Amino acid sequence: MPATPAGHIVRKMVFPSTRTNMSPTIFITGASSGIGLATARHFQQAGWNVAATMRSPERETSLTGLERVLVTHADVQDNASIVSAVDAAVARFSRIDVLLNNAGYGAYGPLEAVSDAAMERQYDVNVFGLMRTTRAVLPHFRRQRNGLVINVSSMGGRMAFPLGTLYHGTKFAVEGLSEALQYELAPLGARVKIIEPGATRTDFAGRSFDFMNDDALTEYQPLVATFMDVLAPLMTNAVSPDVVASAVFEAATDGSPQFRYAVGADATAILDARRQLDDASFHAMIGGQFGIVPA
C-alpha cells in the first residue's frame, strides 16, 4: 500500500470487478440532466452498473433501457424516497460501490431579497439532501468494508462571488462535512472525495439557477446588473458536463489518496489564486470583476 509523507497507510479502493466478474455499481443523485446524466452515461459505457436517480424518472428517455442501468425515483428532500432508491439499487445490483452526490442547484440574489423558504430549500437540497443520501448508503459501505462517497461541490466551495450567500454557503458546507466524514469512514474502509467544477454547460443558468431580487432594494441593483453581465460570458466559456463526468470517473478509479479534483481552467486558476493570495488581495481581485471597491 502507498504511504503518505507522514507515513500513514493509504488504502486503495478495490471494487468487486477487480476480484470477480461482478461489475461495480455507482449510485447517482440528480441524474436526469447535466453532470449527473453525463456521469451515468460515462460509467455505463465503462461497464459499471448505474443506479440513476431523479425526481421524475418517468420523463427519462436516454438512460432507460440501457444495459446495467436502473432508473429510479429519489428526491433528496424526501428521506423515504432515498431509502427506497438505495434498497432498489442493492436489490438490482447486490451492492453499491460509489455514491455520487450530485443533486443540487444555485440560489443567488441580495440576502435582503431572500425569503426563509428560499434559504431553507437551498440548504435542504444542497446540504441536507446530500447528508440524507450519504446516511442511507453508509450501512452498505460499513457491511462491505469498502465504498467511496464523491460529493459534487464547486470551485464556489472554496471561494465566493457576490450575491451568492446561499449557494456558496451550501458548497462551503459540503467541503467541511466531506472533510469531517472522511475521518469517520476511514476505519470502515470507505473514503470521501470532492469534485470542484468551475462553470459547466448545464442548466445551472436555467432551471437549476434561482435568482431572487427586489427592485425596491435600489442600492443593490447596480451590482445585480453587473453580476448578470459577468455571468453570461462565464457560462459561454463553460466546460462540457462530459469533462466533469471524466473527472468523477478518475476520482472513482485512480486509487489515489487525492481528496479534491478541480475541473475546468477557470476552477484551476481561481483556486490556485485563492491558495496563493491573502484574503484582502483575493477579495479585491474578485470584487474588482464586479466593480466593487473594498470598504
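Here, each number is a calculation from the coordinates, and none is a lab measurement. Since this is a predicted model, take the numbers as computed values, not measurements. Counting neighbours? That spans all protein chains shown, and the Cβs are built from the backbone with ideal geometry, glycine included.
If you average the sequence gap of Cα pairs under 8 Å that are 6 or more apart and divide by the length of the chain, what percent do you get for the contact order?
Values: 506 pairs, mean separation 55.3, N = 295.
Value for the chain: 19 percent.
What order do you get for 73, 42 when you list them from fewest to most C-beta neighbours inside 10 Å? Mind dumping the intermediate values first?
On the way: 73 16, 42 20.
Placing the least packed residue first, the sequence is 73, 42.
Does the chain classify as rounded, prolate or oblate by the C-alpha gyration tensor (a ≥ b ≥ c root eigenvalues; a/c under 1.5 gives rounded; else a/b over b/c gives prolate, otherwise oblate)?
On the way: a/c = 2.00, a/b = 1.50, b/c = 1.33.
Judged from the Cα gyration tensor, the chain comes out prolate (a/c at least 1.5, a/b above b/c).
What shape does the stretch 174-278 have by the C-alpha gyration tensor, where a ≥ b ≥ c are the square roots of the eigenvalues, rounded means a/c under 1.5, and otherwise prolate means a/b greater than b/c and oblate the rest?
Working: a/c = 2.23, a/b = 1.89, b/c = 1.18.
Prolate is the answer for the stretch 174-278, as a/c is 1.5 or above and a/b outweighs b/c.
Taking the Cα centre of the stretch 68-200 as origin and charging only Cβ (+1 Lys, Arg; -1 Asp, Glu), how large is the dipole, in debye to the nearest 20? Walk me through the intermediate numbers first.
Details: 13 positive and 12 negative charges, 151 e Å.
Value, rounded to 20: 720 debye.
Under a 10 Å cutoff between Cα atoms, tell me which one of 91, 160, 280 has the largest fluctuation in the Gaussian network model of the chain.
280
Which angle between 0 and 90 degrees, to the nearest 10, do you get for helix 279-289 versus the longest principal axis of the chain when only C-alpha atoms count?
70 degrees
Compute the angle between helix 34-45 and the longest alpha-carbon principal axis of the chain, please, reported from 0 to 90 degrees and rounded to the nearest 10.
Orientation of helix 34-45: about 20 degrees from the principal axis.
Might you report the magnitude of the Cβ-based charge dipole of the stretch 203-266 about its Cα centre, with Lys and Arg at +1 and Asp and Glu at -1, to the nearest 20 debye?
Details: 2 positive and 10 negative charges, 43 e Å.
Roughly 200 debye for the stretch 203-266.
Counting other beta carbons within 10 Å of each Cβ, put 165, 133, 64, 53 in order, fewest first.
On the way: 165 17, 133 27, 64 13, 53 32.
So the residues, fewest neighbours to most, are 64, 165, 133, 53.
Along the charge dipole of the chain, which of 123, 110, 243 sits closest to the positive end, that is, farthest toward it, with unit charges on the beta carbon of Lys, Arg, Asp and Glu (+1, +1, -1, -1)?
243
Using a simple charge model, +1 on the beta-carbon of Lys and Arg, -1 on the beta-carbon of Asp and Glu, nothing else, what dipole does the stretch 17-289 show about its Cα centre, in debye to the nearest 20?
Numbers: 22 positive and 28 negative charges, 284 e Å.
Roughly 1360 debye for the stretch 17-289.
Given axes a ≥ b ≥ c from the Cα gyration tensor, I'd like to know whether the stretch 54-209 is rounded (a/c under 1.5), prolate (a/b larger than b/c) or oblate.
Values: a/c = 1.96, a/b = 1.36, b/c = 1.45.
It comes out oblate by the Cα gyration axes.
Can you compute the modelled spin-label distance between residue 45 and residue 214, with each label point 7 Å from Cα toward Cβ, in nm?
For residue 45 paired with residue 214, the spin-label model returns 4.8 nm.
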